[in-house]
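Below is one structure, written out as structure tokens, with a few remarks after it.
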Amino acid sequence: MTVDLLTLNWGLLAPELTIVILSVIITLADLFMKNGGDRKAFAWLSVLGIALATYFTYQDLGQPVQSLLNDTYRVDSFGTMFKLIMLIGTGLVFMMSIYYVDKKEIKYDGEYYYLLLTALLGSMIMASSGDLITLYIGLELLSISSYILAGIRKTNLKSNEAAFKYVVTGSVSSAILLYGASFLYGVTGTTNIIGIAQAVQGAFNAGFDFYIYLGFFMFVVGLGYKISIVPAYMWAPDVYEGAPTPITAFLSVVSKAAGFAIVMRLLFTIFAAGNIATGEINAETGMPINFFSDEMTFYLAVLAGLTMIIGNTMAARQINVKRMFALSSVAQAGYILVPLAVVKINSPVVMNISFSNMIFYLMAYLMMNLGAFAVISLVTKANDTDELKAFAGLYHRNPWIGVAMTFFLLSLAGLPVTAGFIGKFNIFVNALLFESYYLAAIMVVTSVVSYFYYFNIVRQMYMRTGNTEAKLAVPFGLQLVVLLTFLGTVLFGMFPNVLIDFISTNFSVMDLFTPGM
Amino acid sequence: MVPLGGYLAVGAILFSIGVYGLLTKKNGIIVLLSIELMLNAVNVNLVAFSRFGIAANITGQIFSVFTITVAAAEAAIGLAILVAIFRNKATINASEIDIMKR
């Protein structure tokens with residue numbers, strides 16, 4: 001089959017091409033500018049470009065599944081939803097960065113901006129990939145950019161160490177992922193994800209079950225690293241502590257969203273619901289034949305439970321606020337995994353409920369976690385310490401920031417009037433509905449544990465006095481981030497149906513399994 | 001002719017050597033080399049499957065070309081980070097890179 005590159009529908013790639021062009025423009029402008037010149041304009045230019053890409057992505061909503069280049073790249077509602085999360089997240093990270101990046105620590109600060117853009121591009125490719133090769137390239141584009149970003153403060157030993165640990169753990173996990181992928185390719189003879197999904201059940205029945213198990217477990221370990229769940233979460237505290245704070249925010253939101261996107265694309269398309277694509281029905285039960293899905297959701301449930309327990313209990317012991325939030329985001333990954341672990345793969349409607357809950361929580365998590373990290377980057381930089389006591393007396397130094405941070409923490413802890421509460425409540429009801437009582441119980445208990453460390457910060461802000469009572473000035477970029485995320489957290493908490501309706505009209509889980517046109 | 005199992009065994013051995021080196025070696029460069037071994041195990045697998053697999057086709061070889069390219073980029077980044085560490089600390093010993101250990 002010949003593909004004429006000129007007749008391809010390049011318009012489908014508009015969001016990605018916008019980011020590519022933007023990063024090329026910034027790279028070239030960086031070359032031609034004087035060495036000492038101020039590069040803060042790059043950040044605003046990037047925010048504008050990302051806004052344009054968000055607009056293009058928004059246009060893709062409601063379209064049928066379309067694919068490019070022999071189904072290696074897909075534009076479907078699932079990928080588009082994740083791309084919106086990533087674009088908005090990265091836009092906010094750029095606004096945070098403007099004030100954070102300075103020439104003293106990051107000598108060549110132009111690099112910071114275009115590497116962040118390539119990282120975003122990688123995550124978008126991951127969300128839209130329809131083939132293992134495309135997926136791997138997107139994964140590595142994201143990973144390699146974020147290795148450099150984690151270590152971009154070249155003279156800072158902590159930053160160096162974070163980057164080295166990130167490179168080693170990241171490369172190992174992608175090697176494990178690839179080793180698993182090689183077996184799946186071997187037994188199915190294709191790298192196309194839907195192609196594998198259609199062939200894998202036959203291979204399983206033909207006696208290649210060992211290789212499929214091997215592939216599955218290697219996928220779980222390799223992908224688990226990206227979303228930092230239990231078998232592979234140990235890197236998170238160190239990397240989050242050593243990386244520049246806006247990059248930590250990027251890793252905890254955008255990189256994690258990209259991880260969840262490929263978890264769903266790979267695990268759910270290949271191992272659980274390939275039979276939905278082929279339409280085979282079990283004659284006795286009238287359900288689609290699931291050779292692996294119950295087993296898979298069982299393993300995911302175990303991992304989600306362990307992740308919630310370990311993340312929350314370890315976070316309670318931390319005194320460094322960035323480490324605490326690293327482990328808090330491990331715990332949050334556990335919550336986000338719950339709807340995937342309880343899902344019953346028997347009908348599209350039921351799957352839609354679970355996956356919509358997960359996307360809602362990811363959107364709430366984007367708002368609250370980015371807001372919290374904006375405040376953290378302000379406070380830790382102003383006090384020049386990452387310890388919890390940096391928050392001492394924050395309310396008295398700047399009441400608005402104090403109140404906003406309180407809402408972010410309430411939302412992360414899952415208490416009412418916030419988006420986090422609605423998200424967590426939906427996930428909880430979801431778990432009860434599908435009779436996963438253990439997971440629901442673990443969720444409640446670990447949430448109570450999490451109050452302990454989230455309210456520790458609140459206590460510092462209101463009831464402790466810091467070294468100084470001086471007013472804390474907030475730079476414009478950070479003000480904007482805190483304002484937007486605060487509005488998102490509170491408004492989606494009060495009017496969640498807006499977001500829920502948006503997700504239910506624009507997201508259909510069947511898109512995952514439909515071959516593109 | 002060597003059967004498919006032979007190639008898979010070579011891949012598994014390479015992968016295991018890589019994991020062993022990763023877990024036991026202290027020198028940062030050896031750690032990066034161990035990761036390369038793991039990635040090469042993947043390449044052996046992919047090429048073997050693409051020649052002798054159940055549904056043998058060229059895709060596996062194309063995949064391995066991508067893997068090799070990206071692995072080279074990854075190794076370059078890893079070495080660059082080691083250089084940065086060496087400039088600040090005058091060591092590339094992985095067990096001494098531990099200021100954040102709690």
> Which condition number in (1) surrounded by fewer than 21 Cβ atoms within 10 Å (Cβ to Cβ); (2) at the interface with another protein chain (Cβ under 9 Å from one of its Cβ atoms); (3) outside any loop (DSSP other than H, G, I, E, B) is the one that residue B:55 fails?
Replying inline: (3)
> Residues of the stretch B:81-98 being in a helix (DSSP H, G or I), more than 7 Å from every other protein chain (Cβ to nearest Cβ) and among the charged types (D, E, K, R), which ones?
Replying inline: B:87, B:96
> Does residue A:232 count as surrounded by 20 or more Cβ atoms within 10 Å (Cβ to Cβ), at pLDDT 85 or above and within 14 Å of chain B (Cβ to nearest Cβ)?
Replying inline: no
> Among (1) touching a helix residue (DSSP H, G or I) at 6+ places or on another chain (Cβ under 7 Å); (2) at the interface with chain A (Cβ under 9 Å from one of its Cβ atoms), where does residue B:17 come up short?
Replying inline: (2)
>> With among the aliphatic types (A, V, I, L, M), surrounded by fewer than 24 Cβ atoms within 10 Å (Cβ to Cβ) and either in contact with a strand residue (DSSP E or B) (Cβ under 7 Å, 6 or more places away or on another chain) or in a helix (DSSP H, G or I) (or both) as the only criterion, which of A:87, A:115 stands out?
In response: A:115
> Quick one: would you say residue A:122 is under 14 Å from the mean Cα position of the chain (by Cα), within 14 Å of chain B (Cβ to nearest Cβ) and either assigned to a loop (DSSP other than H, G, I, E, B) or closer than 30 Å to residue A:513 by Cα (or both)?
Replying inline: yes
>> For the stretch A:347-369, which positions are over 20 Å from residue A:249 (Cβ atoms) and not aliphatic (A, V, I, L, M)?
In response: A:347, A:348, A:352, A:354, A:355, A:356, A:357, A:360
>> I'd like to know if the stretch A:129-140 contains one or more residues that are away from every other protein chain (no Cβ under 13 Å), over 18 Å from residue A:43 (Cα atoms) and not polar (S, T, N, Q).
In response: yes
> So residue A:105 clears everything in (1) over 30 Å from residue A:379 (Cα atoms); (2) at pLDDT below 90 except one condition, right? Which one?
Replying inline: (1)
> Right, residue B:29: facing chain A (nearest Cβ under 8 Å) and more than 16 Å from residue A:211 (Cα to Cα) or not?
Replying inline: no
> Can you name every residue in the stretch A:47-98 that is touching a Gly at 6+ places or on another chain (Cβ under 8 Å), in contact (Cβ under 8 Å) with a residue 40 or more places away in the chain and within 17 Å of residue A:502 (Cα to Cα)?
Replying inline: A:76, A:77
> Which one of these does residue A:220 not meet: (1) away from chain B (no Cβ under 11 Å); (2) closer than 30 Å to residue B:26 by Cα; (3) touching a helix residue (DSSP H, G or I) at 6+ places or on another chain (Cβ under 6 Å)?
Replying inline: (3)
> Looking at the stretch A:143-152, is at least one residue more than 8 Å from chain B (Cβ to nearest Cβ) and not in a helix (DSSP H, G or I)?
Replying inline: yes
> Of the residues in the stretch A:102-112, how many are farther than 16 Å from residue A:146 by Cβ and either free of Cβ contacts under 8 Å to residues at least 12 places away in the same chain or not acidic (Asp, Glu) (or both)?
Replying inline: 6
> Which residue, of A:102, A:71, is out of contact with any strand residue (DSSP E or B) (no Cβ under 9 Å at 6 or more places or on another chain) and not in a helix (DSSP H, G or I)?
Replying inline: A:102
> Taking into account only those residues within the stretch B:81-102 that are surrounded by 12 or more Cβ atoms within 10 Å (Cβ to Cβ) and among the small types (Gly, Ala, Ser), which is farthest from residue A:163 (Cα to Cα)?
Replying inline: B:94
>> Just to check your reading of the model, which residue among A:67, A:23 is surrounded by 16 or more Cβ atoms within 10 Å (Cβ to Cβ) and in contact with a Pro (Cβ under 9 Å, 6 or more places away or on another chain)?
In response: A:67
>> For the stretch B:59-69, check the following and say yes or no: at least one residue is more than 8 Å from every other protein chain (Cβ to nearest Cβ) and aromatic (Phe, Trp, Tyr).
In response: no
> Listed residues A:440, A:390, A:419, A:431; which is crowded, with 24+ Cβ neighbours inside 10 Å, more than 17 Å from residue A:368 (Cβ to Cβ) and of a type outside the set (Phe, Trp, Tyr)?
Replying inline: A:431
> Conditions: (1) within 10 Å of chain B (Cβ to nearest Cβ); (2) surrounded by fewer than 24 Cβ atoms within 10 Å (Cβ to Cβ). Residue A:167 meets all but one. Number of the miss?
Replying inline: (2)
>> Please pick out the residue among A:481, A:429, A:509 that is at pLDDT below 85 and closer than 25 Å to residue A:261 by Cβ.
In response: A:509
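The values are calculated or read from the model by the stated rules, or taken from the named source; none is laboratory data. If you're wondering where the values come from, they're calculated on a predicted model, not measured in any experiment. All Cβ positions, even for glycine, are placed from backbone atoms using ideal geometry, and neighbour counts span all protein chains on display.
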